[in-house]
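A quick write-up on the structure given underneath.
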Amino acid sequence: MTIIKIIDTFTFYGIDVILLAALTAICVQICKLTFLKKIKKKLLTFLPFMLGTLFYATYGAIINLSINYLLEEYVTVLEHGISVGAVATLLYVLYEQFVREKKYLSPAEGIISTLIEGYVPKSSVEKVAATIAEAIEKDVTGNGATRCAEILKQNVDCETTEVDVQLLSKLIIETLAHTTAI
């Protein structure tokens, strides 16, 4: 797509689509972080388009002061609503690629976070992995598995048994030992 076509698209749809797309992108992120945490990622793909269409329909009804506008111009509403969703998706991608600072994990933290995922709540996986990595790094007694198990006990889900915690802590120590030995 050339730059002329992109500019033509925005001049055809107008600034209202861009502003509604920004609102849509913000609402989608709020939904993802709050009540849609456990929904499958594949289903979240359609959320910007559904919200964009809903927001544009609401906007169209308010601007035209009529619900009949939605029934008479439903093709326009759907077209602009999907455009709002597409621009919202574009804004999100631009934000992720260029604006948001990514927290980079050390190799040990990456390994640990992969191993403890599913045992520790998703919101605290990186923090717990960093704590375990730091504890193992500072350990000079050779009891890294014990310290790792203590940290895991404090942070695991209630369904995880004591045996699972012990085995997981030993697995973490062994994995880290083999990766640093290579």
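Details
- Entirely in the stretch 71-182, the helices (runs of 4 or more DSSP H) that have 2 or more residues that are over 25 Å from the mean Cα position of the chain (by Cα) and either crowded, with 19+ Cβ neighbours inside 10 Å or at pLDDT below 85 (or both): 74-94, 125-138, 144-155, 162-181
- Pair list, Cβ < 8 Å and 6+ apart or interchain, from the stretch 54-73 residues that are over 18 Å from ALA21 (Cβ atoms) to residues that are open to solvent by less than 100 Å² (accessible area, probe 1.4 Å) and not aliphatic (A, V, I, L, M): ALA61/TYR69; TYR69/GLY60; LEU70/GLY60; GLU73/GLY60
- Some residue of the stretch 118-131 being β-branched (Val, Ile, Thr) and touching a residue at least 40 places away in the same chain (Cβ under 8 Å): no
For every residue, the table says whether it meets (1) in contact with a helix residue (DSSP H, G or I) (Cβ under 7 Å, 6 or more places away or on another chain); (2) within 30 Å of THR179 (Cα to Cα).
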| position | (1), (2) |
| --- | --- |
| LEU71 | no, no |
| SER83 | yes, no |
| ALA86 | no, no |
| LEU91 | yes, no |
| LEU105 | yes, yes |
| GLY110 | no, yes |
| THR114 | no, yes |
| GLU117 | yes, yes |
| PRO121 | no, yes |
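- Note on the stretch 14-58: among residues that are out of contact with any helix residue (DSSP H, G or I) (no Cβ under 8 Å at 6 or more places or on another chain), part of a helix (DSSP H, G or I) and not charged (D, E, K, R), the one that is least open to solvent (accessible area, probe 1.4 Å) is THR58.
The values are calculated or read from the model by the stated rules, or taken from the named source; none is laboratory data. Bear in mind the structure is a predicted one, so any value in this text is a computation, not a measurement. Positions of Cβ are backbone-derived with ideal geometry, glycine not excepted, and every protein chain shown enters the neighbour counts. Calculation scope for accessible area: heavy atoms of the full protein, side chains included, ligands and nucleic acids excluded. Shrake-Rupley method; radii C 1.70, N 1.55, O 1.52, S 1.80 Å.
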